[in-house]
């Protein structure tokens, strides 16, 4: 899987969360469709500088470049995890799948 494919899969992974999951950005909660759109747009602006999926997580998917606040993933049960942790775990899963193939 190329780095570009990994990044696309990471962005898509937020859509595979339980119904009602929210993406919290700058203190405001958004649905997963808006999260996907935001991350795609943000990535498209810095794509030439992002070489790896790890770069994507660090520079695009972890937090706001405007406020510096971390993005959160809030699940329907009220628990939250930082987007950095969410995407890092998803990336580990991708790497594990690749190694087993």
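State yes or no: is residue 58 within 22 Å of residue 2 (Cβ to Cβ) and surrounded by fewer than 15 Cβ atoms within 10 Å (Cβ to Cβ)?
Values: within 22 Å of residue 2 (Cβ to Cβ): yes; surrounded by fewer than 15 Cβ atoms within 10 Å (Cβ to Cβ): no.
Considered against the rule, which asks whether it is within 22 Å of residue 2 (Cβ to Cβ) and surrounded by fewer than 15 Cβ atoms within 10 Å (Cβ to Cβ), residue 58 comes out as no.
Among the residues of the range 35-58, the ones that are over 20 Å from residue 91 (Cβ atoms) and within 12 Å of the chain's Cα centre (by Cα) come to 1 in all.
Condition check: more than 20 Å from residue 40 (Cβ to Cβ) and either touching a strand residue (DSSP E or B) at 6+ places or on another chain (Cβ under 6 Å) or at pLDDT below 95 (or both). Does residue 85 satisfy that? Lay out the reasoning, then the answer.
Values: more than 20 Å from residue 40 (Cβ to Cβ): yes; either touching a strand residue (DSSP E or B) at 6+ places or on another chain (Cβ under 6 Å) or at pLDDT below 95 (or both): no.
No.
No other residue among 73, 57 is in contact with a helix residue (DSSP H, G or I) (Cβ under 8 Å, 6 or more places away or on another chain), part of a strand (DSSP E or B) and either in contact (Cβ under 8 Å) with a residue 40 or more places away in the chain or closer than 22 Å to residue 20 by Cβ (or both) apart from 73.
Which residues, taken from the range 18-44, are assigned to a loop (DSSP other than H, G, I, E, B) and either on the phi > 0 side of the Ramachandran plot or buried (at least 17 other Cβ atoms within 10 Å of the Cβ) (or both)? Even if it seems obvious, please write down each step before you answer.
Going residue by residue through the range 18-44, those that are assigned to a loop (DSSP other than H, G, I, E, B) are 18-21, 26-27, 31.
Correct list: 20, 21, 26, 27.
What's the total number of residues in the range 1-13 that are in contact (Cβ under 8 Å) with a residue 60 or more places away in the chain and part of a helix (DSSP H, G or I)? Count: 4. Taking the range 60-70 as the range and being within 13 Å of the chain's Cα centre (by Cα) and part of a loop (DSSP other than H, G, I, E, B) as the test, the residues that pass are 62, 64.
Kindly establish whether residue 48 is in a helix (DSSP H, G or I) and without any contact (Cβ under 8 Å) to a residue 12 or more places away in the chain. Before you say what the answer is, go through the steps one by one.
Numbers: in a helix (DSSP H, G or I): yes; without any contact (Cβ under 8 Å) to a residue 12 or more places away in the chain: yes.
Against the criterion (in a helix (DSSP H, G or I) and without any contact (Cβ under 8 Å) to a residue 12 or more places away in the chain), residue 48 qualifies.
The values are calculated or read from the model by the stated rules, or taken from the named source; none is laboratory data. Everything quoted here is computed from the prediction, not taken from an experiment. Don't worry about glycine lacking a Cβ; one is built from the backbone with ideal geometry, like all the others, and counts go over all protein chains shown.
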